[in-house]
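Read-outs throughout are calculated quantities, based only on the coordinates presented, and are distinct from any laboratory measurement. Not measured: the values here are computed from a predicted model.
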Amino acid sequence: MNNLGTDRRTRKRLATRQAISNVATRLFMERGFDQVTIDEIADAADVGRMTVFNHFPRKEDMFFDREQDGHDLAFEAIRSRAPGTSPVQALGVLAHQMIEEPSDAFPLFADTRTFVETAQASEPLKARARQMRDDFVRALAGVLADGVGRAADDPEAYLAAGLIAATWSIAFTRAHAELSATGNVEAAKGIFLGLIDRGVIGTHAALGGTPFSGAV
């Protein structure tokens, strides 16, 4: 009974969190991030203000609620990569998979145009995106370093993580610039994958002579 009760509470908590996130996302997309207040989100989700903060300490967290899922996806791609594939190549393969077999969680360039334009219109969201990128680089460096038996603060692991993050960031933003300008989804996908592929080559070249350039 205790386990059943715990499971029920967990499901209820997760359902409440998702409901808040769904309401917040709808309001952000309709009106813009800066124009929506926490009280409005709480009212629309039929919960108290403190319930919102219990699930999302910051308003920005409701907008970027898939952040950890993205980290997990990248790290799993590295850890489960095929023999003979380097971590950098594994993330390149992941990019192609995300385009060729889009998931509901990360529908790149199919349903993300409004999301990106909303983020770019808000200074708090742009600041949070920069923080998220720094957090991702730090976490990715740790995963890469651990894979070759180095310390989490290894400088070359940070270089590898920084180059990977820069490649994905530039590929994503330039692809969305194309999408915003032309509405051409296929052209956006082509730009994204083209820049990812070039970034993989460039990152391997920069990491030559380190454990991160090979299939470790």
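Taking a quarter of the surface of the Cα convex hull of region 2-63 gives a mean projected area of 4.1 nm². What relative contact order, as a whole-number percentage, does region 2-63 give when Cα pairs under 8 Å and 6 or more residues apart are counted? So the answer I get is 34 percent. Where q = 0.15, 0.17, 0.19 Å⁻¹, what log10 of I(q)/I(0) comes from the Debye formula for region 74-138, counting one point per Cα? Result of the Debye calculation: -0.65, -0.80, -0.93.
Over region 175-215, the pair-distance histogram of Cα-Cα distances with 5 Å bins from zero comes to 6, 25, 18, 13, 12, 10, 10, 5, 1 percent, rounded to whole numbers.
Relative contact order of the chain, taken over Cα pairs closer than 8 Å and 6 or more residues apart, is 20 percent. Expressed as a whole number of Å, what is the distance separating the alpha-carbon centroids of region 17-94 and region 156-216? Comparing the Cα centres of region 156-216 and region 17-94, I get a distance of 22 Å.
For residue 174 and residue 49 in one chain, what is 0.36 nm times their gap in residues minus the Cα-Cα distance, to one decimal in nm?
41.3 nm
Between the Cα long axis of helix 67-79 and the first principal axis of the chain there is an angle of about 30°, rounded to the nearest 10.
Projected onto their three principal axes, the Cα atoms of the chain cover extents of 56, 52, 29 Å, largest first.
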